[in-house]
1. Tell me yes or no: at least one residue of the range 109-127 is over 30 Å from SER143 (Cβ atoms) and part of a helix (DSSP H, G or I).
2. Could you list all residues from the range 74-93 that are of a type outside the set (Ser, Thr, Tyr), open to solvent by 30 Å² or more (accessible area, probe 1.4 Å) and in contact with a strand residue (DSSP E or B) (Cβ under 7 Å, 6 or more places away or on another chain)?
3. What are the pairs, 6+ residues apart or on separate chains, where a residue within the range 106-118 that is of a type in the set (Val, Ile, Thr) has its Cβ under 7 Å from a residue that is surrounded by 11 or more Cβ atoms within 10 Å (Cβ to Cβ) and assigned to a loop (DSSP other than H, G, I, E, B)?
4. Counting only residues that are open to solvent by less than 80 Å² (accessible area, probe 1.4 Å) and of a type in the set (Val, Ile, Thr), which one in the range 104-143 is modelled with the lowest pLDDT?
5. Which condition from (1) surrounded by 12 or more Cβ atoms within 10 Å (Cβ to Cβ); (2) more than 13 Å from the chain's Cα centre (by Cα); (3) modelled with pLDDT of 85 or more; (4) part of a loop (DSSP other than H, G, I, E, B) is the one that SER96 breaks?
6. Being in a loop (DSSP other than H, G, I, E, B) and either surrounded by fewer than 14 Cβ atoms within 10 Å (Cβ to Cβ) or not hydrophobic (A, V, I, L, M, F, W, C) (or both) is the filter here; which residues of the range 36-73 pass it?
Amino acid sequence: MNLTRALLAPVALATAAVILSSCGSTDGGTTADGTAVSTLAVQNRWVDNVQFAGGFVAQASGYYTDQGLTVTTTPGGPGVNVEPLVVQGTADVGLSNPTNTANAVAEGAPLTIIGAGYQTSPSAVISLADDPIEEPADLVGRSVGGDRGFDGGLRRVARVDRRRRVGGDHRPDPG
């Protein structure tokens, strides 16, 4: 992903979110040209870090303001579930992952994925060079760690029947 796309992705996400009828409000006053300023509350899945840099740069550079947006961002962290915060109206939009959102929708949450933060998945399987994993079959019998939802993706990549265990241990990330 080139730098321009990385920086403009949050602006596009915020603009698309405001267009949705249920998101944001227009109680933020007006811009110099009389355009209504919309407020938008964004809930991040994790604590403020480089993965959200595009939003921070957009805020600091005035890109949101240029589009008539007043954006407030709330960091997440361990145990923060974005989907209920959006459903409750605490946040207008949330940055989450497809697995958590799909699970929430399956349980009845009225959510829609409106954009992607990455062109391709940033997830990766890594191993030590002296004991390499070179293909999915090498995962069988190994201990694997990953975040919530990782195990399902791992099973699809390794083509392992969901009723069987992929390997020795699966220790999900507590976040």
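1. There is no residue in the range 109-127 that is over 30 Å from SER143 (Cβ atoms) and part of a helix (DSSP H, G or I).
2. Hits for the range 74-93 are LEU85, VAL86, ASP92.
3. ILE114/LEU20
4. Taking the candidates together, the pick is ILE133.
5. (2)
6. The answer is ASN44, ARG45, VAL47, ASP48, ASN49, SER61, GLY62, GLN67, GLY68.
The values are calculated or read from the model by the stated rules, or taken from the named source; none is laboratory data. Computed from a predicted model, the values in this text were never measured in an experiment. Glycine also receives a Cβ, built like all others from the backbone with ideal geometry; neighbour counts cover every protein chain displayed. Please note that ligands, DNA and RNA were not included when accessible areas were found on the heavy atoms of the full protein model with its side chains. Shrake-Rupley method; radii C 1.70, N 1.55, O 1.52, S 1.80 Å.
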